[in-house]
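Peer 1: My structure is below; once you've seen it, I'll send some questions.
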Amino acid sequence: MDPLTTEEGRPPQRVRVDLAGRTARRAAARQELEEQTQVGEVLIRGLVRAQLALALSLAGVVILLLGSLPIAFALFPALADVYVLGLRLPWLLLGVLAYPLLYAVGRLYVRQAERIEDDFSKAVGTES
Amino acid sequence: MSGSPFALPAVIVVTVLTIAIGAYGLRFSRTTSDFLVASRSVSPRWNASAISGEYLSAASFLGVAGLVMKYGADVLWYPVGFAAGYLALLLFVAAPLRRSGAFTLPDFAEARLGSRMLRRWAVFFVVVIGWLYLLPQLQGAGLTMRTLTGAPYWVGAVVVGAVVTVNVATGGMRSITFVQAFQYWLKLTAIAVPAIFVLIVWQSGGLGTLTGAQPPTFDEQTQVRVDTGVTVFVEDPLTLRAIGRVDGTAVDGSLDWGTGEHEVGAGTVLVFPAGAQVPHISGLPALSGETWAAPLGSGGGSRDHPLFATYSLILATFLGTMGLPHVLVRFYTNPDGRAARRTTLIVLALLGVFYLFPTLYGALGRLYVPQLLITGQTDAVVLLLPGAALGGVLGQLLGALVAGGAFAAFLSTASGLLVSVSGVLSTDVIGRGTVRDFRRAAAVAGLVPLVIAAQIDRLDVSQVVGLAFAVAASTFCPLLVLGIWWRGLTDVGAMAGVLAGGALSLTAVLITVFGGELGGWPGVLLAQPAAWTVPLAFAVMIVVSRLTASRIPPNIGRRMLLLHAPESLGLGRGAPD
């Protein structure tokens, strides 16, 4: 594959057939954003806040799940002697299971972040 | 030490392939933009392979296994942190950074805060972190060449330094994208295939258990050549044969070692009988299998306050990745913010697969090549394990495969670092960012660490890498996170935070690397500084920004729009792309 083109190739530019009213509303929203009026401020603040809340909550999940491990091992040393699937618990958790966890959280984030962006796009202009 | 006859050819093949692919890419590199960011036309899958290929350095390929072999469960946080850093990058940085449209970290700092002064300091820390990270790559190359061929330490360092400098100077980044993507798959193959063979041998009635009540022992008579003089600690008295200098006197024959420290001169050959307990280099505790396998048994190398050291390490690696210049520069090659996110997600998967393997080498190394604990050079375990466990032609071939993979690791990470360091040097220090400036900058950027690396022989690969992470986490992480998410950040606040975090973490690094051994709290605070330098950098940035709130850029709303709105809307950037 030629690495210099996107995988799917570029689809032809879509032409939007739309009701005049909706287009006008979006154009107005775009202008609010571009001109930094108060309405535009509220829109962009909403977007940033939603994305930050998503990122922080998912980071929180990881901190809770992974970050509690050193303390847990320190408080309950017996955990280190538990065998699961032939591996000691710390080795199974840190050596193997941590990686699928990171990927799963990342995947969830990408999906949700794109959803937030799509909502924003719908509110102010052409969907991407 | 290993003497696999195929190892050197493997290293040569990898090096020649790297140059060849670089030359192929050269045909496409015409403009400055091509050189720096491959004209932003790289698809997520290629980009993700390239990022992973670039990221998996000597520390990942050799260092993690070496640390696991020495210290056990505690250091599993290194690879987890190396991977988790990309999650932090994905959550807080990837898409907005791409949307900022900046080429480099200093570009981002200037675009967001409009300060030339801040830009200059950003350039300074890009170069410092880049060189700090280049050193262990060159040293890893030196160690590998010495292990494989017995060549002097500087040979490997010079070979890697020269190949990379020429390649970067002539091809720039687009050719590097091809090279890096190829390197990831090469490295994965090189570490996974031998690991699977070794695992099969061990499972089918190989050498005993990993978690026994005793420290490692020699399972057969073992000959060890000590290249650099070393002091070892012997727990169980033993009788061995030695040729060379031991405890200051020349010996040639049988020797009794009582409990205590013994000094072994450079070039001495020791022959240990089967069943003897392996002496450890002085300062490295001889861990029983039980203690080694348990968390907080070894404190990951820091004997005092292992819990603090563990959390500090987690913080440094989780937050340091986003501040590594060679990682960030690659995000500009994504076509847009969404592609940047998808790229990062694929990177998480690719790294997750890779990091399953180094741990295996470290663990099985305690059974098959315990003699590495004598010299403490456990970084060589990945190179030596296949030959020791399998033997014969198969062992030699697999040993050659890991050697090739290790060289791929040095070449790719060093290339990435060199591209980003010479990128900022060519635009900010040496010239104005023309192709010719870039070539000159690459020569300078490659030469400096090469000269330093040739001087210092015995610096611990993983330790230096860990410290580079700590500096990155204390400088660029707060700058990026606050710059992207907080309107209140000012140029003065950002500069105060970067300088405070940078100066403190860098001081800690220098004291740890060049200073004497410190015990107790001061020792652990300096050896693992992230836990206090990172929060401090954030705090300084926030407090000083609050105090200078009148300096918040007037068009901040527009800048936030640019960072966070999807590109397709064309908001905040004048006209749609």
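Peer 1: Select from the stretch B:523-570 the residues that are touching a residue at least 40 places away in the same chain (Cβ under 8 Å), within 15 Å of B:Asp491 (Cα to Cα) and within 14 Å of another protein chain (Cβ to nearest Cβ) and list them in ascending order.
Peer 2: B:Ile552, B:Pro553, B:Ile556, B:Arg559
Peer 1: For the stretch A:69-122, enumerate the residues that are aliphatic (A, V, I, L, M) and in contact with a Lys or Arg (Cβ under 8 Å, 6 or more places away or on another chain). I'd like the intermediate steps shown before the answer.
Peer 2: Taking the stretch A:69-122 as the starting set, the residues that turn out to be aliphatic (A, V, I, L, M) are A:69, A:71-72, A:74-75, A:78-80, A:82, A:84-85, A:87, A:89, A:92-94, A:96-98, A:101-102, A:104-105, A:108, A:110, A:113, A:116.
Those that are aliphatic (A, V, I, L, M) and in contact with a Lys or Arg (Cβ under 8 Å, 6 or more places away or on another chain): A:Ala80, A:Val82, A:Val110, A:Ala113.
Peer 1: Right, next: Just to be sure I understand, how many residues within the stretch B:247-282 are under 27 Å from B:Tyr71 (Cα atoms) and part of a strand (DSSP E or B)?
Peer 2: Total meeting the criteria: 13.
Peer 1: Another question, then. With the requirement that a residue be facing chain A (nearest Cβ under 10 Å) and not in a loop (DSSP other than H, G, I, E, B), what does the stretch B:90-109 give you? Can you show your working first?
Peer 2: We begin by selecting, within the stretch B:90-109, every residue facing chain A (nearest Cβ under 10 Å); these are B:90-96.
B:Leu90, B:Leu91, B:Phe92, B:Ala94, B:Ala95, B:Pro96 - these are the residues of the stretch B:90-109 that are facing chain A (nearest Cβ under 10 Å) and not in a loop (DSSP other than H, G, I, E, B).
Peer 1: For residues that are outside any helix (DSSP H, G or I) and more than 21 Å from B:Glu220 (Cβ to Cβ), scanning just the stretch B:333-378, find the one that is modelled with the highest pLDDT.
Peer 2: From the stretch B:333-378, those outside any helix (DSSP H, G or I) are B:334-336, B:355, B:369-371, B:376-377; that's our starting set.
Imposing the further condition that a residue be more than 21 Å from B:Glu220 (Cβ to Cβ) reduces the set to B:334-336, B:355, B:376.
Values: B:Asn334: 82, B:Pro335: 81, B:Asp336: 86, B:Tyr355: 94, B:Gly376: 77.
Within the stretch B:333-378, the match that is modelled with the highest pLDDT is B:Tyr355.
Peer 1: Here's something else I'd like to know. Report every pair of residues separated by at least 6 positions or lying on different chains whose Cβ atoms are under 9 Å apart, first residue within the stretch B:320-344 and closer than 26 Å to B:Gln137 by Cα, second basic (Lys, Arg) and modelled with pLDDT under 90.
Peer 2: So the pair list comes out as B:Phe331/B:Arg98; B:Tyr332/B:Arg40; B:Tyr332/B:Arg98; B:Thr333/B:Arg40; B:Thr333/B:Arg174; B:Thr343/B:Arg45; B:Thr343/B:Arg330.
Peer 1: Hey, can you tell me all the residues within the stretch B:235-260 that are of a type outside the set (Lys, Arg), surrounded by 12 or more Cβ atoms within 10 Å (Cβ to Cβ) and under 37 Å from the mean Cα position of the chain (by Cα)? Break it down stepwise before answering.
Peer 2: At the first step, the residues of the stretch B:235-260 found to be of a type outside the set (Lys, Arg) are B:235-240, B:242-244, B:246-260.
Then keep just the ones that are surrounded by 12 or more Cβ atoms within 10 Å (Cβ to Cβ); that gives B:235-238, B:240, B:242-244, B:246-247, B:251, B:255, B:257.
Within the stretch B:235-260, B:Glu235, B:Asp236, B:Ala242, B:Ile243, B:Gly244, B:Val246, B:Asp247 qualify.
Peer 1: A follow-up question, please. Scan the stretch B:359-381 and report the pairs whose first residue is of a type in the set (Phe, Trp, Tyr) and whose second residue is not in a helix (DSSP H, G or I), with Cβ atoms within less than 7 Å and a gap of 6+ or a chain change.
Peer 2: Taking only residues 6 or more apart or on different chains, the pairs are B:Tyr368/B:Leu207.
Peer 1: In the stretch B:285-304, is there at least one residue being of a type outside the set (A, V, I, L, M), within 30 Å of B:Val93 (Cα to Cα) and within 14 Å of chain A (Cβ to nearest Cβ)? Write out each step before concluding.
Peer 2: As a first pass, look at the stretch B:285-304 and keep what is of a type outside the set (A, V, I, L, M): B:285, B:288-292, B:295, B:297-304.
From what is left, the residues that are within 30 Å of B:Val93 (Cα to Cα) are B:300.
Now narrow it down to the ones that are within 14 Å of chain A (Cβ to nearest Cβ): B:300.
Checked the stretch B:285-304: at least one residue is of a type outside the set (A, V, I, L, M), within 30 Å of B:Val93 (Cα to Cα) and within 14 Å of chain A (Cβ to nearest Cβ).
Peer 1: Given the residues B:Ala109, B:Ala59, B:Ala95, B:Ala122, which is the only one that is at pLDDT below 85 and either crowded, with 24+ Cβ neighbours inside 10 Å or within 20 Å of the chain's Cα centre (by Cα) (or both)? Explain how you work it out, then say what you get.
Peer 2: Working: B:Ala109 fails: at pLDDT below 85; B:Ala95 fails: at pLDDT below 85; B:Ala122 fails: at pLDDT below 85.
Going through B:Ala109, B:Ala59, B:Ala95, B:Ala122 in turn, the sole match is B:Ala59.
Peer 1: Answer with yes or no whether B:Val75 is assigned to a helix (DSSP H, G or I) and surrounded by 24 or more Cβ atoms within 10 Å (Cβ to Cβ). Spell out how you get there, then give the answer.
Peer 2: Values: assigned to a helix (DSSP H, G or I): yes; surrounded by 24 or more Cβ atoms within 10 Å (Cβ to Cβ): yes.
Yes, satisfied.
Peer 1: Would you call B:Ala389 within 10 Å of chain A (Cβ to nearest Cβ) and in a helix (DSSP H, G or I)?
Peer 2: Numbers: within 10 Å of chain A (Cβ to nearest Cβ): no; in a helix (DSSP H, G or I): yes.
No.
Peer 1: So, B:Ala38, is that one surrounded by fewer than 22 Cβ atoms within 10 Å (Cβ to Cβ), at pLDDT below 80 and part of a helix (DSSP H, G or I) or not? Steps first, answer last, please.
Peer 2: On the way: surrounded by fewer than 22 Cβ atoms within 10 Å (Cβ to Cβ): no; at pLDDT below 80: yes; part of a helix (DSSP H, G or I): yes.
No, not satisfied.
Peer 1: From B:Leu356, B:Leu385, which residue is closer than 18 Å to B:Lys187 by Cβ and surrounded by 24 or more Cβ atoms within 10 Å (Cβ to Cβ)?
Peer 2: Numbers: B:Leu356 fails: surrounded by 24 or more Cβ atoms within 10 Å (Cβ to Cβ).
Step by step, each of B:Leu356, B:Leu385 is checked, and only B:Leu385 is closer than 18 Å to B:Lys187 by Cβ and surrounded by 24 or more Cβ atoms within 10 Å (Cβ to Cβ).
For every residue, the table says whether it meets (1) at positive phi; (2) within 19 Å of the chain's Cα centre (by Cα); (3) more than 9 Å from chain B (Cβ to nearest Cβ).
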position: A:Leu75; (1), (2), (3): no, no, yes
position: A:Asp81; (1), (2), (3): no, no, no
position: A:Gly86; (1), (2), (3): yes, no, yes
position: A:Leu89; (1), (2), (3): no, no, yes
position: A:Leu94; (1), (2), (3): no, no, no
position: A:Tyr103; (1), (2), (3): no, yes, no
position: A:Arg107; (1), (2), (3): no, yes, no
position: A:Val110; (1), (2), (3): no, yes, no
position: A:Ser121; (1), (2), (3): no, yes, no
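Peer 1: Looking at B:Met69, B:Met117, which is the one that is more than 20 Å from B:Ser412 (Cα to Cα), assigned to a helix (DSSP H, G or I), among the aliphatic types (A, V, I, L, M) and over 20 Å from the mean Cα position of the chain (by Cα)? Spell out how you get there, then give the answer.
Peer 2: Details: B:Met69 fails: over 20 Å from the mean Cα position of the chain (by Cα).
Only one candidate qualifies: B:Met117.
Peer 1: Another question, then. State all residues of the stretch B:518-563 that are outside any helix (DSSP H, G or I) and surrounded by fewer than 18 Cβ atoms within 10 Å (Cβ to Cβ); if no residue qualifies, say none. Working first, answer last.
Peer 2: Applying the first criterion (outside any helix (DSSP H, G or I)) to the stretch B:518-563 yields B:518-519, B:528-529, B:548, B:552-555.
Of everything in the stretch B:518-563, those that are outside any helix (DSSP H, G or I) and surrounded by fewer than 18 Cβ atoms within 10 Å (Cβ to Cβ) turn out to be B:Leu518, B:Gly519, B:Thr548, B:Ile552, B:Pro553, B:Pro554, B:Asn555.
Peer 1: Of the residues A:Gly106, A:Gly86, A:Gly60, which is closer than 22 Å to B:Tyr78 by Cβ and of a type outside the set (A, V, I, L, M, F, W, C)?
Peer 2: Numbers: A:Gly86 fails: closer than 22 Å to B:Tyr78 by Cβ; A:Gly60 fails: closer than 22 Å to B:Tyr78 by Cβ.
Just a single option satisfies the conditions, and that option is A:Gly106.
Peer 1: Might you let me know whether the stretch B:247-262 holds any residue that is touching a residue at least 60 places away in the same chain (Cβ under 8 Å), among the hydrophobic types (A, V, I, L, M, F, W, C) and outside the structural domain of B:Arg366 (by TED's automatic domain parsing)?
Peer 2: Initially, the stretch B:247-262 is screened for residues touching a residue at least 60 places away in the same chain (Cβ under 8 Å), giving none.
Among the residues of the stretch B:247-262, not one is touching a residue at least 60 places away in the same chain (Cβ under 8 Å), among the hydrophobic types (A, V, I, L, M, F, W, C) and outside the structural domain of B:Arg366 (by TED's automatic domain parsing), which makes the answer no.
The values are calculated or read from the model by the stated rules, or taken from the named source; none is laboratory data. Note that the structure is predicted; figures quoted are calculated from it, not measured. FYI the Cβ positions are ideal-geometry reconstructions off the backbone, even for glycines, and counts take in every protein chain you see.
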